[in-house]
Amino acid sequence: MKFVDEATVRVEAGRGGDGCVSFRREKYVPRGGPDGGDGGDGGSVFLIAREDINTLADFRVQRRFKAKSGRGGAGKERTGASGDNLYISVPKGTVISDLDTEEILGDLSNVGQELCVAQGGRGGLGNTRFKSSTNRAPRKSTVGEPGEKRHLGLELKLIADVGLVGLPNAGKSTLIRAVSDAKPKVADYPFTTLHPSLCVVSIETDRSFVMADIPGLIEGASEGAGLGIQFLRHLQRTRLLIHVIDVSVGTDVSVEDARIIESELKGYSDGLGNQVRWLALNKMDLLPRDQWDLILNQLKEQLKWEGPAFAISAATGVGTDVMAQAIMGYLEEINET
Ligand SMILES: Nc1nc2c(ncn2[C@@H]2O[C@H](COP(=O)(O)OP(=O)(O)OP(=O)(O)O)[C@@H](O)[C@H]2O)c(=O)[nH]1
Ligand SMILES: [Mg+2]
(Lines give C-alpha, C1' and ligand atoms only; values in the text may rest on other atoms or scores of the structure.)
(Ligands and ions follow the chains in the order given, each with its own letter.)
Protein backbone atom coordinates (compact mmCIF):
# COMPACT_ATOMS: atom_id res chain seq x y z
CA MET A 1 0.00 0.00 0.00
CA LYS A 2 1.65 3.14 -1.21
CA PHE A 3 0.90 6.29 0.62
CA VAL A 4 0.61 9.63 -1.10
CA ASP A 5 0.97 12.10 1.66
CA GLU A 6 1.72 15.42 0.01
CA ALA A 7 -0.05 17.45 -2.64
CA THR A 8 -0.19 20.98 -3.94
CA VAL A 9 -3.37 22.62 -5.17
CA ARG A 10 -4.46 26.02 -6.42
CA VAL A 11 -7.68 27.38 -5.09
CA GLU A 12 -9.54 30.46 -6.18
CA ALA A 13 -12.60 31.94 -4.59
CA GLY A 14 -15.36 33.48 -6.69
CA ARG A 15 -15.38 37.15 -7.62
CA GLY A 16 -18.03 39.38 -6.17
CA GLY A 17 -20.72 40.48 -8.61
CA ASP A 18 -20.67 44.13 -9.69
CA GLY A 19 -23.03 46.67 -8.23
CA CYS A 20 -25.71 47.95 -10.59
CA VAL A 21 -26.57 51.46 -11.73
CA SER A 22 -30.27 51.73 -12.38
CA PHE A 23 -33.11 54.21 -11.89
CA ARG A 24 -36.66 53.55 -11.10
CA ARG A 25 -38.95 53.83 -14.05
CA GLU A 26 -42.53 54.05 -13.09
CA LYS A 27 -45.53 55.44 -14.80
CA TYR A 28 -46.40 58.90 -13.59
CA VAL A 29 -43.09 59.24 -11.74
CA PRO A 30 -40.98 61.35 -14.06
CA ARG A 31 -37.66 61.11 -12.29
CA GLY A 32 -37.41 57.90 -10.29
CA GLY A 33 -34.64 57.52 -7.74
CA PRO A 34 -31.74 55.07 -7.96
CA ASP A 35 -32.61 51.38 -7.55
CA GLY A 36 -29.47 49.53 -8.59
CA GLY A 37 -28.82 46.53 -6.31
CA ASP A 38 -25.56 45.21 -4.93
CA GLY A 39 -23.61 42.41 -6.52
CA GLY A 40 -23.67 39.02 -4.79
CA ASP A 41 -20.63 37.79 -2.87
CA GLY A 42 -18.33 35.33 -4.56
CA GLY A 43 -18.24 31.78 -3.22
CA SER A 44 -15.46 30.87 -0.81
CA VAL A 45 -13.36 27.73 -0.95
CA PHE A 46 -13.37 25.45 2.07
CA LEU A 47 -11.51 22.27 2.87
CA ILE A 48 -13.42 19.77 4.95
CA ALA A 49 -12.04 16.70 6.72
CA ARG A 50 -13.73 13.44 5.84
CA GLU A 51 -13.41 10.01 7.34
CA ASP A 52 -13.85 8.03 4.14
CA ILE A 53 -10.80 9.36 2.31
CA ASN A 54 -7.38 8.37 3.49
CA THR A 55 -4.96 9.62 0.90
CA LEU A 56 -4.25 12.79 -1.01
CA ALA A 57 -3.94 10.77 -4.20
CA ASP A 58 -6.92 12.44 -5.87
CA PHE A 59 -5.07 15.74 -5.84
CA ARG A 60 -2.60 14.37 -8.34
CA VAL A 61 -5.42 14.38 -10.86
CA GLN A 62 -7.30 17.52 -9.93
CA ARG A 63 -5.20 20.41 -8.72
CA ARG A 64 -7.26 23.50 -9.47
CA PHE A 65 -10.43 24.46 -7.72
CA LYS A 66 -12.52 27.54 -8.29
CA ALA A 67 -15.66 28.64 -6.50
CA LYS A 68 -18.50 30.35 -8.34
CA SER A 69 -18.59 34.11 -8.76
CA GLY A 70 -21.39 36.26 -7.40
CA ARG A 71 -23.92 37.62 -9.89
CA GLY A 72 -24.23 41.31 -10.64
CA GLY A 73 -26.87 43.39 -8.92
CA ALA A 74 -29.96 44.48 -10.86
CA GLY A 75 -32.59 47.16 -10.95
CA LYS A 76 -35.43 47.28 -8.44
CA GLU A 77 -32.78 46.96 -5.73
CA ARG A 78 -32.22 43.32 -6.49
CA THR A 79 -29.03 41.92 -5.04
CA GLY A 80 -27.17 39.49 -7.26
CA ALA A 81 -27.09 35.86 -6.23
CA SER A 82 -24.06 34.82 -4.21
CA GLY A 83 -21.72 32.26 -5.69
CA ASP A 84 -21.92 28.87 -4.01
CA ASN A 85 -19.15 27.97 -1.65
CA LEU A 86 -16.95 25.14 -2.80
CA TYR A 87 -16.16 22.33 -0.37
CA ILE A 88 -13.15 20.16 -1.07
CA SER A 89 -12.91 16.92 0.86
CA VAL A 90 -9.58 16.00 2.36
CA PRO A 91 -8.58 13.15 4.67
CA LYS A 92 -8.73 13.67 8.39
CA GLY A 93 -5.32 14.79 9.62
CA THR A 94 -4.47 16.99 6.64
CA VAL A 95 -2.30 19.98 7.46
CA ILE A 96 -2.73 22.93 5.11
CA SER A 97 -0.13 25.57 4.38
CA ASP A 98 0.10 28.56 2.09
CA LEU A 99 3.05 27.81 -0.18
CA ASP A 100 3.70 31.47 -0.97
CA THR A 101 3.89 32.70 2.61
CA GLU A 102 4.86 29.33 4.12
CA GLU A 103 2.25 29.96 6.74
CA ILE A 104 0.37 27.00 8.23
CA LEU A 105 -3.28 27.77 7.69
CA GLY A 106 -4.73 24.93 9.66
CA ASP A 107 -4.81 21.34 10.70
CA LEU A 108 -7.98 19.39 10.03
CA SER A 109 -7.66 16.73 12.66
CA ASN A 110 -11.35 16.04 13.30
CA VAL A 111 -13.92 14.67 10.92
CA GLY A 112 -16.25 17.43 9.75
CA GLN A 113 -13.84 20.20 10.64
CA GLU A 114 -13.57 22.83 7.90
CA LEU A 115 -11.21 25.59 6.96
CA CYS A 116 -11.80 28.55 4.66
CA VAL A 117 -8.77 28.67 2.37
CA ALA A 118 -9.94 31.37 -0.05
CA GLN A 119 -12.45 34.01 0.84
CA GLY A 120 -14.98 34.95 -1.80
CA GLY A 121 -14.84 38.53 -3.09
CA ARG A 122 -17.44 40.92 -1.71
CA GLY A 123 -20.12 42.04 -4.09
CA GLY A 124 -19.93 45.61 -5.38
CA LEU A 125 -22.40 48.26 -4.26
CA GLY A 126 -25.32 49.33 -6.39
CA ASN A 127 -26.06 52.98 -6.95
CA THR A 128 -28.88 52.89 -4.40
CA ARG A 129 -26.17 52.96 -1.78
CA PHE A 130 -24.78 56.25 -2.98
CA LYS A 131 -27.98 58.21 -2.69
CA SER A 132 -27.69 61.20 -0.39
CA SER A 133 -29.41 64.49 0.25
CA THR A 134 -27.07 66.22 -2.16
CA ASN A 135 -27.01 63.51 -4.78
CA ARG A 136 -30.41 62.05 -5.45
CA ALA A 137 -29.46 60.45 -8.72
CA PRO A 138 -26.02 58.89 -8.22
CA ARG A 139 -24.49 57.17 -11.22
CA LYS A 140 -21.89 55.59 -9.04
CA SER A 141 -21.53 51.88 -8.23
CA THR A 142 -18.57 49.69 -7.37
CA VAL A 143 -17.31 46.53 -8.98
CA GLY A 144 -17.12 43.24 -7.10
CA GLU A 145 -13.88 42.37 -5.37
CA PRO A 146 -11.79 39.56 -6.77
CA GLY A 147 -11.85 36.28 -4.86
CA GLU A 148 -8.79 35.25 -2.89
CA LYS A 149 -6.35 32.95 -4.66
CA ARG A 150 -3.98 30.63 -2.94
CA HIS A 151 -1.39 28.03 -3.73
CA LEU A 152 -1.76 25.42 -1.02
CA GLY A 153 0.41 22.66 0.25
CA LEU A 154 -1.47 19.71 1.73
CA GLU A 155 0.28 17.31 3.97
CA LEU A 156 -1.18 14.24 5.54
CA LYS A 157 0.55 13.07 8.63
CA LEU A 158 -0.01 9.40 8.96
CA ILE A 159 -2.11 8.83 11.99
CA ALA A 160 -0.67 5.63 13.26
CA ASP A 161 -0.61 4.37 16.81
CA VAL A 162 2.62 2.50 16.37
CA GLY A 163 5.61 3.21 14.14
CA LEU A 164 8.27 0.75 13.05
CA VAL A 165 11.83 1.95 12.90
CA GLY A 166 15.02 0.14 12.12
CA LEU A 167 17.89 -0.21 9.70
CA PRO A 168 17.12 -1.24 6.13
CA ASN A 169 16.60 -5.02 5.93
CA ALA A 170 15.81 -5.39 9.64
CA GLY A 171 12.51 -7.00 8.69
CA LYS A 172 9.99 -4.20 9.31
CA SER A 173 7.86 -4.94 6.28
CA THR A 174 8.02 -8.65 7.00
CA LEU A 175 6.67 -7.90 10.47
CA ILE A 176 3.78 -5.92 8.96
CA ARG A 177 2.96 -8.94 6.80
CA ALA A 178 3.05 -11.21 9.83
CA VAL A 179 0.62 -9.23 11.94
CA SER A 180 -1.76 -7.69 9.39
CA ASP A 181 -3.42 -8.34 6.04
CA ALA A 182 -1.23 -5.73 4.37
CA LYS A 183 1.32 -7.02 1.89
CA PRO A 184 4.16 -4.53 1.66
CA LYS A 185 7.09 -5.56 -0.49
CA VAL A 186 9.81 -7.54 1.23
CA ALA A 187 13.24 -8.22 -0.27
CA ASP A 188 16.76 -9.00 0.80
CA TYR A 189 18.20 -5.66 -0.27
CA PRO A 190 18.12 -2.35 1.59
CA PHE A 191 15.50 0.30 0.88
CA THR A 192 12.86 -2.06 -0.33
CA THR A 193 10.30 0.19 1.29
CA LEU A 194 10.30 3.57 -0.41
CA HIS A 195 7.08 5.04 0.91
CA PRO A 196 5.45 4.77 4.27
CA SER A 197 2.45 2.55 4.50
CA LEU A 198 -0.15 1.94 7.11
CA CYS A 199 -1.75 -1.27 8.18
CA VAL A 200 -4.38 -2.26 10.67
CA VAL A 201 -3.40 -4.89 13.19
CA SER A 202 -6.55 -6.63 14.40
CA ILE A 203 -6.29 -8.47 17.65
CA GLU A 204 -9.97 -9.32 17.76
CA THR A 205 -13.23 -7.56 16.87
CA ASP A 206 -13.10 -3.96 18.05
CA ARG A 207 -9.54 -4.26 19.21
CA SER A 208 -7.09 -3.07 16.65
CA PHE A 209 -4.37 -0.53 16.12
CA VAL A 210 -2.70 1.14 13.16
CA MET A 211 0.94 0.49 12.49
CA ALA A 212 3.18 2.41 10.11
CA ASP A 213 6.04 0.97 8.12
CA ILE A 214 8.58 3.51 6.93
CA PRO A 215 11.75 3.17 4.86
CA GLY A 216 14.82 2.01 6.77
CA LEU A 217 16.90 4.56 8.65
CA ILE A 218 20.64 4.80 8.23
CA GLU A 219 23.41 6.57 10.06
CA GLY A 220 23.05 10.28 9.42
CA ALA A 221 19.30 10.01 8.77
CA SER A 222 18.53 12.81 11.19
CA GLU A 223 20.78 15.04 9.07
CA GLY A 224 19.06 13.98 5.90
CA ALA A 225 20.88 10.83 4.76
CA GLY A 226 18.85 8.08 3.13
CA LEU A 227 15.11 7.93 2.72
CA GLY A 228 13.80 7.52 6.21
CA ILE A 229 14.28 11.15 7.25
CA GLN A 230 11.36 12.43 5.23
CA PHE A 231 9.10 10.11 7.10
CA LEU A 232 10.36 10.49 10.65
CA ARG A 233 8.02 13.40 11.18
CA HIS A 234 5.12 11.06 10.56
CA LEU A 235 6.20 9.02 13.51
CA GLN A 236 6.08 11.95 15.88
CA ARG A 237 2.38 11.47 16.36
CA THR A 238 2.55 7.78 17.15
CA ARG A 239 2.25 6.59 20.71
CA LEU A 240 4.79 3.83 20.54
CA LEU A 241 7.80 3.04 18.38
CA ILE A 242 8.88 -0.52 17.73
CA HIS A 243 12.56 -0.64 17.01
CA VAL A 244 13.22 -3.70 14.86
CA ILE A 245 16.71 -5.15 15.10
CA ASP A 246 18.22 -7.96 13.04
CA VAL A 247 19.91 -10.24 15.57
CA SER A 248 21.20 -12.76 13.07
CA VAL A 249 24.33 -10.66 12.51
CA GLY A 250 25.84 -11.36 15.94
CA THR A 251 25.25 -9.61 19.23
CA ASP A 252 27.99 -7.00 18.88
CA VAL A 253 26.83 -5.91 15.45
CA SER A 254 23.21 -5.85 16.59
CA VAL A 255 24.11 -3.64 19.51
CA GLU A 256 25.94 -1.26 17.18
CA ASP A 257 22.99 -1.25 14.80
CA ALA A 258 20.59 -0.49 17.60
CA ARG A 259 22.72 2.39 18.80
CA ILE A 260 22.72 3.94 15.34
CA ILE A 261 18.94 4.05 15.30
CA GLU A 262 18.72 5.28 18.87
CA SER A 263 21.05 8.16 18.15
CA GLU A 264 19.27 9.09 14.92
CA LEU A 265 15.95 9.28 16.73
CA LYS A 266 17.45 11.43 19.43
CA GLY A 267 19.20 13.57 16.82
CA TYR A 268 16.01 14.15 14.91
CA SER A 269 14.00 15.73 17.69
CA ASP A 270 13.55 15.61 21.42
CA GLY A 271 10.01 14.46 20.85
CA LEU A 272 11.09 11.43 18.89
CA GLY A 273 14.08 10.77 21.12
CA ASN A 274 11.84 10.63 24.19
CA GLN A 275 9.06 8.63 22.64
CA VAL A 276 8.28 5.28 24.23
CA ARG A 277 10.18 2.56 22.37
CA TRP A 278 10.15 -1.19 22.53
CA LEU A 279 12.64 -3.51 20.97
CA ALA A 280 11.75 -6.30 18.57
CA LEU A 281 14.73 -8.59 18.15
CA ASN A 282 14.03 -10.13 14.80
CA LYS A 283 15.22 -13.08 12.71
CA MET A 284 15.48 -15.26 15.79
CA ASP A 285 14.69 -18.26 13.58
CA LEU A 286 18.27 -18.06 12.32
CA LEU A 287 19.53 -18.76 15.83
CA PRO A 288 19.12 -21.90 17.93
CA ARG A 289 15.97 -21.74 20.05
CA ASP A 290 17.83 -22.40 23.29
CA GLN A 291 19.90 -19.24 22.82
CA TRP A 292 17.02 -16.83 22.41
CA ASP A 293 16.74 -15.83 26.04
CA LEU A 294 20.47 -15.50 26.35
CA ILE A 295 20.68 -13.20 23.34
CA LEU A 296 17.72 -11.17 24.49
CA ASN A 297 19.34 -10.61 27.85
CA GLN A 298 22.75 -9.85 26.38
CA LEU A 299 21.31 -7.20 24.13
CA LYS A 300 19.26 -5.63 26.87
CA GLU A 301 22.26 -5.52 29.09
CA GLN A 302 24.62 -4.04 26.53
CA LEU A 303 22.08 -1.44 25.50
CA LYS A 304 21.15 -0.78 29.12
CA TRP A 305 17.62 -1.32 27.97
CA GLU A 306 14.93 -1.17 30.60
CA GLY A 307 11.85 -1.16 28.45
CA PRO A 308 10.13 -4.19 26.96
CA ALA A 309 11.99 -6.31 24.39
CA PHE A 310 10.59 -9.19 22.36
CA ALA A 311 12.30 -12.06 20.62
CA ILE A 312 10.51 -12.60 17.33
CA SER A 313 10.77 -14.09 13.91
CA ALA A 314 8.75 -11.98 11.51
CA ALA A 315 9.35 -14.48 8.73
CA THR A 316 7.87 -17.46 10.57
CA GLY A 317 5.50 -15.52 12.81
CA VAL A 318 7.00 -16.85 16.04
CA GLY A 319 6.55 -14.32 18.83
CA THR A 320 4.83 -11.74 16.69
CA ASP A 321 1.34 -12.37 18.09
CA VAL A 322 2.58 -12.09 21.64
CA MET A 323 4.15 -8.74 20.77
CA ALA A 324 1.03 -7.51 18.97
CA GLN A 325 -1.11 -8.41 22.01
CA ALA A 326 1.27 -6.58 24.30
CA ILE A 327 1.14 -3.50 22.05
CA MET A 328 -2.66 -3.59 22.08
CA GLY A 329 -2.73 -3.87 25.85
CA TYR A 330 -0.33 -0.99 26.23
CA LEU A 331 -2.32 1.29 23.91
CA GLU A 332 -5.53 0.50 25.77
CA GLU A 333 -3.84 1.21 29.04
CA ILE A 334 -2.55 4.62 28.01
CA ASN A 335 -5.89 5.43 26.44
CA GLU A 336 -7.58 5.07 29.76
CA THR A 337 -5.28 7.46 31.56
N1 LIG B 1 15.21 -15.53 8.37
C2 LIG B 1 14.50 -14.43 8.50
N3 LIG B 1 14.53 -13.52 7.52
C4 LIG B 1 13.79 -12.41 7.70
C5 LIG B 1 12.99 -12.20 8.85
N6 LIG B 1 12.38 -11.01 8.73
C7 LIG B 1 12.76 -10.51 7.54
N8 LIG B 1 13.60 -11.35 6.91
C9 LIG B 1 14.24 -11.15 5.58
O10 LIG B 1 15.02 -9.99 5.64
C11 LIG B 1 14.97 -9.27 4.41
C12 LIG B 1 14.51 -7.87 4.62
O13 LIG B 1 13.16 -7.87 5.06
P14 LIG B 1 12.21 -6.61 4.88
O15 LIG B 1 10.96 -6.93 5.64
O16 LIG B 1 12.11 -6.23 3.48
O17 LIG B 1 13.06 -5.54 5.68
P18 LIG B 1 12.74 -3.99 5.92
O19 LIG B 1 13.19 -3.68 7.28
O20 LIG B 1 11.33 -3.71 5.58
O21 LIG B 1 13.72 -3.34 4.87
P22 LIG B 1 13.65 -1.90 4.14
O23 LIG B 1 12.27 -1.76 3.62
O24 LIG B 1 14.64 -2.01 3.06
O25 LIG B 1 14.00 -0.92 5.17
C26 LIG B 1 14.05 -10.10 3.52
O27 LIG B 1 14.82 -10.94 2.70
C28 LIG B 1 13.23 -10.89 4.51
O29 LIG B 1 12.77 -12.11 3.96
C30 LIG B 1 13.00 -13.20 9.86
O31 LIG B 1 12.34 -13.13 10.90
N32 LIG B 1 13.80 -14.30 9.64
MG1 LIG C 1 10.56 -2.52 4.20
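The values are calculated or read from the model by the stated rules, or taken from the named source; none is laboratory data. For clarity, every value in this text was computed on a predicted model and none was experimentally measured. Methodologically, a virtual Cβ is constructed for each residue, glycine included, from the backbone with ideal geometry; neighbour enumeration extends over all protein chains shown.
When the residues of the stretch 312-336 are narrowed to those that are in contact with a helix residue (DSSP H, G or I) (Cβ under 7 Å, 6 or more places away or on another chain) and in contact (Cβ under 8 Å) with a residue 40 or more places away in the chain, which ends up surrounded by the fewest Cβ atoms within 10 Å (Cβ to Cβ)?
Looking at the filtered set, the residue picked out is G317.
How about the stretch 175-198: which of its residues are within 12 Å of ligand 2 (Cβ to nearest atom) and in contact with a Ser or Thr (Cβ under 8 Å, 6 or more places away or on another chain)?
L175, I176, A182, P184, K185, V186, T192, T193
Among the candidates S44, S82, S69, single out the residue that is within 24 Å of E155 (Cα to Cα), among the small types (G, A, S) and modelled with pLDDT of 95 or more.
Matching residue, one of S44, S82, S69: S44.
Taking strands (runs of 3 or more DSSP E) that fall entirely within the stretch 178-263, which contain at least 2 residues that are of a type outside the set (G, A, S) and more than 23 Å from the chain's Cα centre (by Cα)?
Correct list: 197-204, 240-246.
Just to check your reading of the model, which residue among V186, V247 is surrounded by fewer than 19 Cβ atoms within 10 Å (Cβ to Cβ) and under 14 Å from A170 (Cα atoms)?
V186
Which one is modelled with the highest pLDDT among residues in the stretch 153-174 that are part of a loop (DSSP other than H, G, I, E, B) and more than 13 Å from ligand 2 (Cβ to nearest atom)?
Ranking the qualifying residues of the stretch 153-174, first place goes to D161.
Which of the strands (runs of 3 or more DSSP E) found entirely inside the stretch 1-100 contain at least 1 residues meeting this: crowded, with 20+ Cβ neighbours inside 10 Å and within 17 Å of the chain's Cα centre (by Cα)?
6-12, 45-50, 86-91, 94-98
Are there any pairs, at least 6 apart or on different chains, whose C-beta atoms fall under 7 Å, with the first in the stretch 167-178 and without any contact (Cβ under 8 Å) to a residue 60 or more places away in the chain and the second outside any helix (DSSP H, G or I) and near ligand 1 (Cβ under 6 Å from one of its atoms), and if so, which?
Correct list of pairs: P168/P190; P168/F191; P168/G216; S173/V186; S173/T192; S173/T193.
Is it the case that some residue within the stretch 284-295 is surrounded by 15 or more Cβ atoms within 10 Å (Cβ to Cβ), touching a residue at least 40 places away in the same chain (Cβ under 8 Å), more than 32 Å from the chain's Cα centre (by Cα) and not in a loop (DSSP other than H, G, I, E, B)?
Yes: one or more hits.
Please state which of the following conditions G267 fails to meet, knowing it meets all the rest: (1) in contact with a Lys or Arg (Cβ under 8 Å, 6 or more places away or on another chain); (2) in a helix (DSSP H, G or I); (3) away from ligand 2 (no atom under 16 Å from the Cβ).
So the condition that G267 fails would be (1).
I'd like the full set of residues that are more than 6 Å from ligand 1 (Cβ to nearest atom) and in contact with a helix residue (DSSP H, G or I) (Cβ under 9 Å, 6 or more places away or on another chain), limited to the stretch 164-179.
Scanning the stretch 164-179 gives L164, V165, L167, L175, A178, V179.
Each row is one residue, and each column tells you yes or no for (1) touching a residue at least 60 places away in the same chain (Cβ under 8 Å); (2) small (G, A, S); (3) assigned by TED's automatic domain parsing to the domain that holds Q298.
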residue	(1), (2), (3)
I214	no, no, yes
L235	yes, no, yes
R239	yes, no, yes
I245	yes, no, yes
S248	no, yes, yes
E256	no, no, yes
I261	yes, no, yes
Y268	no, no, yes
